[in-house]
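Here the structure is laid out as structure tokens; the discussion comes afterwards.
The values are calculated or read from the model by the stated rules, or taken from the named source; none is laboratory data. Bear in mind that the values here come from a model prediction, so they are computed numbers and not experimental data. Here the Cβ is made from the backbone with ideal geometry for all residues, glycine too, and neighbour counts use every protein chain on show.
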Amino acid sequence: MPLTITVQPSGRNFSVERDGTLLAAAIAQGIALPYGCKDGACGSCKSRLLEGRVVHGAHQSKALSEAEEAAGFILTCCASAQSDCVIEARGVPAEGVHPVLKMPVRVQQLTRAAPDVLVLRLQLPATQNFQYHAGQYLEFILRDGSRRAYSMANAPGDLGASSPPFVDLHIRHMPGGKFTDHAFSQLKERDILRAEGPFGSFFLREGQEPLVLLASGTGFAPIKALIEQLERDGNQRPATLYWGGRRPADLYLDAWVREACARLPWLRYVPVVSDAQPEDAWGGRVGFVHLAVLEDLPSLAGHAVYACGAPIVVESAQRDFVQLGGLDPERFFADAFTSEADKH
């Protein structure tokens, strides 16, 4: 008999087979639980178990410690239900979740935005009506069945405005990476790839508070989609983008951001470099990008933060923004770019 999982405070329900993981069942039934890596490595799906019993599969202690598990927290990506359960998961919307589709996608364009960053434009099948929220990602299904996830870098409004519809992805080369080595050396226009999506719970929530958009490296991709979505929505909320890289070249679409700021009076931009060299002639901010936010905004009370990038950046930002900046933890939304190396 299927078990019933109730999500509070939204009150939504979904069913799961005994020993099935909560997250997989929720995704299949259109319930947007928060999640990131789906492999027990990042902790993005951490929720509180209010009633019922689960058992956990393999996961990393940094994602869920023994103390957190003893306090009633679970990772829905690797928690299997043993009874009907009630869980607390913040930010679960009441409706509006788009269906997950498997589809062939065609490489339409490849552009080097930086020596180690590829902007990959994918043509989508016109017949499948692929829909997503700005900030979500898709996964490539490789020939051996393994998967690689990349965020859509354009707002979904482009789908109806272009023929054929397309999405842009920002791919950083990871030397030795199963997919990125191929993408940077062999992938060419008109190649066909297999993809599935949309995935992810990183998308704009309702609210009127000022926004802090925090990105490191190619974590800028979903942030770019959020900016485009805010522009389409006629946003009037002030938003500040803090984009961090090791060197200035890592801010590979700096010109795009500056053009956006020139036409959007509500958008500010603070680029931050952590390891500037004399030859860079860098005159901007230096240091860790999340600390630049706290330098400018010692109090983050009354703000909402959308953060995306390397796990260490996202984790540090969440900790310090809440502990030092007084940010409401319910208003911190994040997508950590967990690489295959991070999962082991």
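Take the conditions (1) in contact with a strand residue (DSSP E or B) (Cβ under 8 Å, 6 or more places away or on another chain); (2) surrounded by 12 or more Cβ atoms within 10 Å (Cβ to Cβ); SER146 misses just one of them, which is (1).
Within segment 236-256, the residues that satisfy the criterion of being buried (at least 17 other Cβ atoms within 10 Å of the Cβ) and in a loop (DSSP other than H, G, I, E, B) are LEU251, TYR252, LEU253. Taking first residues from segment 304-322 that are touching a residue at least 24 places away in the same chain (Cβ under 8 Å) and outside the structural domain of SER151 (by TED's automatic domain parsing) and partners that are of a type in the set (Asp, Glu) and outside any strand (DSSP E or B), the Cβ contacts under 7 Å between residues at least 6 apart in sequence or on separate chains come to ALA304/GLU209; PRO311/ASP342. Could you tell me whether segment 126-135 includes any residue that is assigned to a strand (DSSP E or B) and not polar (S, T, N, Q)? Looking through segment 126-135, none of the residues is assigned to a strand (DSSP E or B) and not polar (S, T, N, Q). So is ARG194 at pLDDT 95 or above and in the same structural domain as GLN123 (by TED's automatic domain parsing) or not? Taking the combined requirement at face value, the residue satisfies it. Here ARG48 qualifies as at pLDDT below 95, within 23 Å of the chain's Cα centre (by Cα), assigned to a strand (DSSP E or B) and surrounded by fewer than 16 Cβ atoms within 10 Å (Cβ to Cβ). When restricted to residues that are assigned to a loop (DSSP other than H, G, I, E, B) and over 17 Å from CYS42 (Cβ atoms), segment 285-322 contains 9. Would you check if LEU120 is touching a Gly at 6+ places or on another chain (Cβ under 6 Å) and within 19 Å of GLY177 (Cα to Cα)? No; evaluated as a whole, the condition is false for this residue. Taken together, the criteria place ALA221 among residues that are part of a helix (DSSP H, G or I) and touching a residue at least 12 places away in the same chain (Cβ under 8 Å). Evaluating GLY283 against the criteria (1) at pLDDT 95 or above; (2) over 21 Å from the mean Cα position of the chain (by Cα) leaves one unmet condition, (1). The set of residues in segment 136-189 being under 19 Å from SER216 (Cβ atoms), of a type in the set (Val, Ile, Thr) and part of a strand (DSSP E or B) consists of ILE171 alone. Taking first residues from segment 37-54 that are within 30 Å of SER146 (Cβ to Cβ) and touching a residue at least 12 places away in the same chain (Cβ under 8 Å) and partners that are hydroxyl-bearing (Ser, Thr, Tyr) and in a loop (DSSP other than H, G, I, E, B), the Cβ contacts under 6 Å between residues at least 6 apart in sequence or on separate chains come to CYS37/THR338; ALA41/THR338; CYS42/THR338; SER44/TYR35; CYS45/TYR35; CYS45/THR76; SER47/THR76. Only one of the numbered conditions (1) more than 20 Å from VAL314 (Cβ to Cβ); (2) at pLDDT 95 or above is violated by ALA221, and that is (1).
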